[in-house]
1. Counting residues that are without any contact (Cβ under 8 Å) to a residue 24 or more places away in the chain, which helices (runs of 4 or more DSSP H) fully inside segment 146-253 reach at least 3?
2. Would you mind stating whether residue 74 is within 16 Å of the ligand (Cβ to nearest atom), surrounded by fewer than 21 Cβ atoms within 10 Å (Cβ to Cβ), touching a residue at least 12 places away in the same chain (Cβ under 8 Å) and among the aliphatic types (A, V, I, L, M)?
3. If you scan segment 28-57, which residues turn out to be part of a loop (DSSP other than H, G, I, E, B) and either under 14 Å from residue 11 (Cβ atoms) or touching a residue at least 40 places away in the same chain (Cβ under 8 Å) (or both)?
4. In segment 102-113, which residue that is buried (at least 24 other Cβ atoms within 10 Å of the Cβ), not in a strand (DSSP E or B) and not polar (S, T, N, Q) is nearest to the ligand (Cβ to nearest atom)?
5. Mind counting the residues in segment 1-33 that are over 22 Å from residue 156 (Cα atoms) and more than 20 Å from the chain's Cα centre (by Cα)?
6. Output the residues belonging to segment 58-71 that are open to solvent by 20 Å² or more (accessible area, probe 1.4 Å) and closer than 20 Å to residue 15 by Cα.
7. Sort through 227, 209, 172, 167 and tell me the only one that's touching a Gly at 6+ places or on another chain (Cβ under 6 Å), more than 20 Å from residue 145 (Cβ to Cβ) and charged (D, E, K, R).
8. Check 167, 172, 185, 193 and return the single one that is basic (Lys, Arg) and within 17 Å of residue 69 (Cβ to Cβ).
Amino acid sequence: MERVLITGAAGDIGSRLRPLLKPVYRELVLSDRVRPADLGADETFIPTDLADATAVEGLCRGIDGIVHLGGKSIEGTWDEILQSNIVGAYNLFEGARKAGVKRIIFATSNHAVGFYPRTTTIPTEVIPRPDSRYGLSKVFGEGLGALYAYKHGIGVTSIRIGNVGDRPIDARRLAIWLSPEDLVRLIRIGLERPGIVYEVMYGVSDNARAWYDNSRAAALGYAPQDRSEDYAEAVLAAEPKDRKDPVAENYQGGPFCSAEYSADFETIKRNN
Ligand code: 15L
């Protein structure tokens with residue numbers, strides 16, 4: 001892996017990854033619609049709209065591996081999600097195929113499976129239960145990854161990212177927190193480990209309260225170094241005591257699940 005492209009490089013995760021991946025790969029190519037505010041003179045930045053297939057094709061030329069973070073990272077209107085995450089991801093995989101890119105990391109999300117209850121521990125093979133149009137677009141991206149892996153031989157790893165940050169910020173994030181350094185560990189497996197065809201891993205640190213069975217990631221060599229439990233006492237002390245959103249509290253996806261909710265929650269809960 002010599003030339004690695006990061007899409008969505010100006011976003012929160014992209015900004016955290018840039019300095020961490022810089023010493024690892026000979027050349028990092030950064031892309032986003034907007035220029036990162038803190039772009040260094042020694043960084044290569046190519047502004048690209050993922051919805052522009054021709055531009056994306058050009059962006060992928062000469063690249064060995066891609067960390068695809070680009071697109072909308074929260075819920076949006078159907079048209080926003082369609083253009084940024086669905087058309088955008090398709091263009092990216094197509095551009096990569098035409099350019100002969102060897103590996104892709106697809107940044108998927110816990111919201112691809114957000115409608116699993118917090119009482120269950122889910123493996124990576126579960127049936128998708130997206131909790132939003134955003135989560136649905138991530139299911140689409142995971143599918144694209146499998147298609148381009150098995151049909152076109154690109155080694156693809158989908159990382160179902162929980163919540164990346166310096167520390168877990170609330171009780172829900174104690175289960176799904178991912179330190180930037182542990183994210184780098186996952187990315188390096190996907191880009192560098194020999195023999196990757198198509199893999200799905202949960203993007204979480206070593207969290208005692210995790211809702212995920214991440215044994216596949218462990219088998220591939222993932223050994224997270226950060227633990228949300230180190231922050232649990234402080235996080236739980238700061239947690240509001242009177243939460244009034246039973247749908248959000250029931251499901252792993254939290255408020256993404258309760259937004260625009262119109263089902264009969266009690267009936268669903270009883271039957272499933
Ligand atoms: C995500 O997928 C989002 O990109 C991020 O903004 C957070 O909302 C995160 O999930 C989360 O669930 O905390």
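1. The qualifying helices (runs of 4 or more DSSP H) are 232-238, 246-250.
2. Yes; evaluated as a whole, the condition is true for this residue.
3. Within segment 28-57, 33, 34, 35, 36, 37, 38, 39, 48, 50, 51 meet the criteria.
4. Out of the qualifying residues, it is 111.
5. Total meeting the criteria: 1.
6. Once the filter is applied, which keeps residues that are open to solvent by 20 Å² or more (accessible area, probe 1.4 Å) and closer than 20 Å to residue 15 by Cα, segment 58-71 yields 69, 71.
7. 172
8. Every option except 185 fails the conditions.
The values are calculated or read from the model by the stated rules, or taken from the named source; none is laboratory data. These numbers were taken from a predicted model, which means no experiment stands behind them. Cβ sites come from the backbone with ideal geometry, for glycine too, and all protein chains shown count toward neighbours. When the accessible area is computed, the model is the full protein with side chains, heavy atoms only, and any ligands, DNA or RNA have been set aside. Shrake-Rupley method; radii C 1.70, N 1.55, O 1.52, S 1.80 Å.
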